[in-house]
Amino acid sequence: MTTVSPVHNVRAASPADTAACTVVTSDEGVPLVTGGSVEYANLDYAASAPCLTPVAEALAAALPHYASVHRGAGHHSQVSTDAYERARRSVARFVGARPADAVVFVRGTTDALNLLARSVPEGCTVVVFESEHHASLLPWEHPASRAGNVVRLPLPDSPESAVRAARTALREAPRGPRLLCVTAASNVTGEIWPVEELVEAAHAEGARVVVDAAQYVPHLPFSLAATGADYVALSAHKLYAPFGSGVLAGRTDWLREATPYLSGGGATRLVTEHDVVWNDLPARHEAGSPNVLGAVALAAACDTLTPRTQELLHVRESALLERLRTGLAAIDGVTELNLWGSEQPRVGIVSFTVDGLPADLLAAALSAEYGIGVRDGLFCAHPLVRRLLPEGHGQAVRASLGVGTTDEHVDRLVGAVADLVARGPRWEYADCDGRLAPVPDPGF
């Protein structure tokens, strides 16, 4: 029997009901420039989440039988094909897909939304808020997009105004196909958007809705059927399955009528000297040899993160989030970025600035001196972050939580920020290939 390498250990999630929901992590600490080492405090889940233990186990079980899918007569090909299609069914359950919905495997949310941008009817009007991640903000304006009219809405000042603005924009758009693209949870502030209300408003105007759920589904259950959304996009690497897979799920008609996003083997039913007959869904948009192991990994994460498990994890995460936000708020000069105020429901993401400490310097010092991993920059949501930044700041720091985050990780970050505000970095830092790094760096 193939097993997971013993060089890894497992940190269990809480409460006890979620004991099977664990992440793979290294036994080794990370070196500090000030001497010694410390357990790594990973607070960068919103960028890429670590691997769930059941995901690693599913991969270990699949690898001995790995082969190309769908077009092989051999036993391993048949086993891999079965695993690939079972993975599709697992993902369909996870996103609450309706019986007629398609589930197309892609590389991630960016890939999913670019696929949809090339599948909307020619001339479709797309409405999108400027608060979106670039993955859902930019594909509609790409030269290859079939969208004919892209309406960018300014940042709304409340969830209610977001619904009103979307409805007005869709009502005033030219008649014909219309699509609203909206995030379920912000990758900058963690704030949860009113998806069901937006879907209701869009449908009242005869429009469709695609939901970018990349930051939402690692924390809370999502359902196409329950929300009424027409499409959902997500990434495996945000969902504890870091193996280059993702999904676009939803209504079939636009996808079925569109020319394949990629041309090649698997997407074709027949090729002659003069013609090509494209396959039906989902193969139509899965040209080439698909990422079988990525699909298996994503399915294992989906099977592990049941609605009950996610709800229990969210209770724990909410306590950690409150601990973090309260701790940071008590430090002079720290400003948390919010779109709709501190009381808006959110997932485990906090972006903040510190007066007198540039974001890149703060992130570099947190890593090198305290063993804490955070993200700094504009988080691929430049219009949103620039609008939310306090005067005098060009970037922010983002801390994000998930399975495996502990009280100690949160307390270490709060204490480290307080130390850096009081005393400043204890090491010298300089630009190294576009990022600040300790000089000298005794860890390398």
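Summary of values
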item	result
Matching residues, segment 253-292, being among the hydroxyl-bearing types (S, T, Y) and loosely packed, with under 15 Cβ neighbours inside 10 Å	T259, S263, T272, S289
Verdict on D407 being under 30 Å from E311 (Cα atoms) and at pLDDT 95 or above	yes
Qualifying residue in segment 53-66 (condition: closer than 17 Å to A300 by Cβ, charged (D, E, K, R) and either out of contact with any Pro (no Cβ under 6 Å at 6 or more places or on another chain) or not assigned by TED's automatic domain parsing to the domain that holds G404 (or both))	yes
Residues within segment 337-358 that are charged (D, E, K, R), more than 11 Å from E191 (Cβ to Cβ) and under 21 Å from the mean Cα position of the chain (by Cα), tallied	0
Any strands (runs of 3 or more DSSP E) falling wholly within segment 83-164 and containing at least 3 residues that are touching a residue at least 40 places away in the same chain (Cβ under 8 Å) and in the same structural domain as G228 (by TED's automatic domain parsing)	102-106, 124-129
Residue ranges of strands (runs of 3 or more DSSP E) in segment 346-406 with at least 1 members surrounded by fewer than 24 Cβ atoms within 10 Å (Cβ to Cβ)	349-354, 375-377
All positions within segment 147-183 that are more than 20 Å from G228 (Cβ to Cβ), at pLDDT 95 or above and among the charged types (D, E, K, R)	R152, D157, E172
Close pairs (9 angstrom Cβ cut-off, 6 or more residues apart or separate chains): without any contact (Cβ under 8 Å) to a residue 12 or more places away in the chain in segment 383-411, surrounded by fewer than 24 Cβ atoms within 10 Å (Cβ to Cβ) anywhere	R386/L378; R386/G394
D433, sole failed condition from (1) of a type outside the set (G, A, S); (2) modelled with pLDDT of 95 or more; (3) at positive phi	(2)
Residue within segment 22-33 that is modelled with pLDDT of 95 or more and either out of contact with any Ser or Thr (no Cβ under 7 Å at 6 or more places or on another chain) or in a loop (DSSP other than H, G, I, E, B) (or both) present	yes
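The values are calculated or read from the model by the stated rules, or taken from the named source; none is laboratory data. Everything numeric here is computed off the predicted structure, so don't read it as measured data. Every residue, glycine among them, receives a Cβ derived from its backbone with ideal geometry; neighbour counts consider all protein chains shown.
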